[in-house]
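Here's the structure we're looking at; comments come further down.
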Amino acid sequence: MTYQGVLSKYGHLLDIPPHTRPVTLLEGNTPLIQADNLSHHLGGEFELFIKYEGLNPTGSFKDRGMTAAVSEAFGRNATTVICASTGNTAASAAAYASRAGMKSIVLIPQGKVAAGKLAGAIAYGAQVIQIDGSFDDALTMVVEITNKHPICLVNSINPFRIEGQKTSAFEICDVLESAPDWLCLPVGNAGNITAYWAGFKQYNQLKSTGLPQVLGVQAAGAAPLVLGHAVENPETVATAIRIGKPARGEQALQAAEESKGRIIAASDSQILDMQKLLARLEGIWVEPASAAGLAGLAIEIASGKLNAKGKRVVAVCTGHGLKDPDIITKDMAKPRIVPPKLDALEEIILG
Ligand code: F0G
């Protein structure tokens, strides 16, 4: 049978109500790409795979949970969804809502959303509202408004988002025929790490696939789970994870502890260096936040805290590089201009 999206493939394993009516863009089924060049660069002698979630329909991992949340809302005839977002959730919510003929409202922190995400939300027809505040302020507001009005909240506080998101852990186990030894991923509002851990645990119970150790990585300027307290004014170039009060912070800490992993911080320059490295060594361009998991892995290997030798490591790359092109082009020297003449071209490329 042709592929019909994550609810069709794994719905029987997800805790979603019977009234759910599938709204899908055939999300999921993303490639697990072996990254030998990068593994070699990081010291080698281990298997590294990139779970390239930027290849989902709206360019980020959010589509897995969004198909579940919107399908549930659609099935009970909800008409409007709302979310707070650093950008990717907004684009995903807008796309799935439109496909269901529903309205979407997205609250974003003013001036801090990457161009490709804002453009997506607008293109898919969301009502986009900028909040003169942070993601955390916007999240508080959408919780308040959905307590008061019949609008469906599709942030990852919504349990169906977590259910749908678990499917990525299932896919990894299906492809590798077991869980990896380590799973590295960025952490912002902490829905994704919560979902992976739940997914791996569920699959292990069903199929004895084993459990990974989980390395969650926050940006150093937005690292409440590393610091042990909320961050009032989070700042990072990885705007997707510019979050100071993660809604599922407790569960993220629990996932790290139960899995014998940890949550660490990577600096903006470590994140951006890894973004470039991944693109140049493997041809995989991800948005800055998506490189955080790998940046954390590099930090842990370099400091000797993580011995990857002989291990299988999966790094989740959550969003496509095209989401945030400005981060690459803003400091870029303009490509040289030459006349349309062969000798001019030869001079440049042959020196
Ligand atoms: N990577 C990307 C590209 C993201 O967009 C996000 C979160 C994360 C990682 C972190 O995932 O929040 O589940 O811990 N983006 C949200 C948004 C906050 O609004 O798009 P998390």
Here is a check on your reading of the model: is Glu53 touching a His at 6+ places or on another chain (Cβ under 9 Å) and crowded, with 24+ Cβ neighbours inside 10 Å? yes
Single unsatisfied condition, Ala73 versus (1) within 25 Å of Lys148 (Cβ to Cβ); (2) buried (at least 24 other Cβ atoms within 10 Å of the Cβ); (3) within 22 Å of the chain's Cα centre (by Cα): (3)
Evaluation of Pro325 against (1) within 15 Å of the ligand (Cβ to nearest atom); (2) surrounded by 16 or more Cβ atoms within 10 Å (Cβ to Cβ) (one fails), failing number: (2)
Given the criterion in a helix (DSSP H, G or I) and away from the ligand (no atom under 16 Å from the Cβ), identify the matching residue among Leu277, Leu297, Leu253, Leu272. Leu277
Where in segment 158-221 are the helices (runs of 4 or more DSSP H), entirely inside, with at least 1 residues that are at pLDDT 95 or above, within 12 Å of Gly261 (Cβ to Cβ) and within 10 Å of the ligand (Cβ to nearest atom)? 191-207
Yes/no for Val113 being within 25 Å of Cys317 (Cβ to Cβ) and either buried (at least 16 other Cβ atoms within 10 Å of the Cβ) or more than 18 Å from the chain's Cα centre (by Cα) (or both): yes
Where residues in segment 1-27 are more than 20 Å from Asn77 (Cα to Cα) and hydrophobic (A, V, I, L, M, F, W, C), which of them is farthest from the chain's Cα centre (by Cα)? Met1
Does Ala265 qualify as being assigned to a helix (DSSP H, G or I) and either away from the ligand (no atom under 12 Å from the Cβ) or out of contact with any Phe, Trp or Tyr (no Cβ under 7 Å at 6 or more places or on another chain) (or both)? no
So for segment 21-33 (the condition being at pLDDT below 95 and more than 16 Å from the ligand (Cβ to nearest atom)), does at least one residue qualify? no
The residue that is nearest to the chain's Cα centre (by Cα), considering only those in segment 302-351 that are assigned to a loop (DSSP other than H, G, I, E, B) and farther than 30 Å from Ser290 by Cα, is Arg336
List the strands (runs of 3 or more DSSP E) that sit entirely inside segment 10-128 and contain at least 3 residues that are free of Cβ contacts under 8 Å to residues at least 60 places away in the same chain. 103-109
Can you confirm whether segment 303-315 contains a residue that is away from the ligand (no atom under 16 Å from the Cβ), surrounded by fewer than 12 Cβ atoms within 10 Å (Cβ to Cβ) and in contact (Cβ under 8 Å) with a residue 24 or more places away in the chain? yes
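The values are calculated or read from the model by the stated rules, or taken from the named source; none is laboratory data. Quick caveat, the model's predicted, so the values are computed rather than measured. Methodologically, a virtual Cβ is constructed for each residue, glycine included, from the backbone with ideal geometry; neighbour enumeration extends over all protein chains shown.
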